[in-house]
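As structure tokens, the structure follows; a few thoughts come after it.
Since every read-out is calculated from the coordinates, none of them should be taken as a lab result. In this text, all values refer to a predicted model and were calculated from it rather than measured experimentally. Here the Cβ positions follow ideal geometry from the backbone for every residue, glycine too, while neighbour counts run over all protein chains shown.
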């Protein structure tokens with residue numbers, strides 16, 4: 001198979017090229033640690049210093065995961081982009097996809113694939129992943145697929161702001177009402193609004209401020225050539241934080257994972273279906289409407305792929321953080337949320353290359369043509 005840029009794979013760093021493998025290895029390492037050193041893990045993770053109901057070591061890792069990607073957002077482009085009518089149309093489309101469509105698709109898939117009362121808490125964890133809209137990793141997938149970088153940046157900013165306002169009530173609605181079975185009696189399944197709001201402020205607000213400040217310092221103090229080198233190195237910090245957090249969480253869940261391996265595979269099913277379905281619907285809808293009067297103005301490959309990855313990916317870092325803060329690090333909800341990166345990373349990486357293939361394979365002309373578009 002030949003992608004649009006045959007040198008793209010070679011241009012990726014070693015870490016980015018094998019990120020999915022590293023995630024898998026981190027999970028395996030965590031499971032091994034959890035099974036062979038479970039007592040020490042529980043003592044240090046659950047018995048040590050905490051802030052916001054999360055252990056300090058885990059808290060640091062969660063913050064580091066989100067900070068570097070947000071520092072890459074081109075905040076300085078906001079004034080120019082906000083003057084574009086095209087932008088506001090795409091912001092509206094993004095809002096509909098991210099907040100009115102995608103969470104309910106995840107909810108439906110969670111109920112269809114995890115309907116049993118015994119999987120109630122896992123279902124909540126899966127739905128939390130669907131409610132946490134992507135603000136970080138979409139920058140990676142959009143870059144690989146060569147989407148519109150400026151639009152991706154503004155959609156990331158928009159989703160970041162919207163999550164500060166909407167995530168807490170959405171999490172309460174989905175976890176307390178829409179995910180509940182008629183036989184639910186366990187009070188620990190309830191999300192506390194204060195905990196959720198605090199988690200959003202800690203795990204999203206702090207990285208947002210830090211990311212904007214980092215961007216300002218870098219643009220002020222470094223030449224463009226130095227900036228590129230800095231961001232190249234700085235970007236790996238987020239990946240290291242991700243691997244660290246996954247290792248810690250799976251070490252804490254190690255024994256539970258081995259004991260309930262069947263549940264792990266069950267949890268992966270709705271996540272896998274979600275990423276593929278939402279991405280495909282968005283991408284191919286933009287492709288199909290390109291010859292309409294609306295599509296000729298607002299639809300292009302770059303815009304389509306940006307919207308597809310924004311709608312089809314999730315902020316699993318925030319989902320994990322909220323699950324840990326609300327239910328505890330060893331809860332089934334956390335186990336379900338931590339499956340997000342295992343499924344999302346390899347699936348969306350493959351979809352990134354599929355997008356490049358379809359860019360050349362499909363006809364993206366906005367002029368109506370007879371016959372096949374392929």
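Rank these for me by crowding, 120, 333, going from fewest to most other beta carbons within 10 Å.
On the way: 120 19, 333 28.
With the sparsest Cβ surroundings first, the list reads 120, 333.
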Crossing angle, helix 224-259 versus the chain [Cα axis fit, 0-90 degrees, rounded to tens]: 40
Calculated [θ] (222 nm, deg cm²/dmol) that DSSP helices of n ≥ 4 give over the chain, each run adding -39,500 (n - 2.57): -23500 deg cm²/dmol
Rg/Rh for the chain, where both radii come from Cα atoms and Rh is the Kirkwood radius: 0.97
Cα gyration tensor category, rounded, prolate or oblate, for region 237-305 with a/c compared to 1.5: oblate
Crossing angle, helix 301-312 versus the chain [Cα axis fit, 0-90 degrees, rounded to tens]: 10
The chain, relative contact order in percent, only Cα pairs under 8 angstrom and at least six apart counted: 34
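List 297, 285, 310, 338 from most exposed to least, where exposure is judged by having the fewest other Cβ atoms within 10 Å.
Values: 297 12, 285 17, 310 31, 338 27.
Sorted ascending by nearby Cβ count, the order is 297, 285, 338, 310.
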Prolate/oblate/rounded label for region 227-271 (Cα gyration tensor, a/c 1.5): oblate
Largest-first principal axis extents of the Cα set of region 104-158 (Å): 44, 20, 15
Between 0 and 90°, nearest 10: helix 149-173 axis offset from the chain longest Cα axis: 40
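Can you put 151, 298, 357 in order, fewest other beta carbons within 10 Å first? Before the final figure, lay out the partial values.
Details: 151 23, 298 20, 357 13.
In increasing order of surrounding Cβ atoms, one gets 357, 298, 151.
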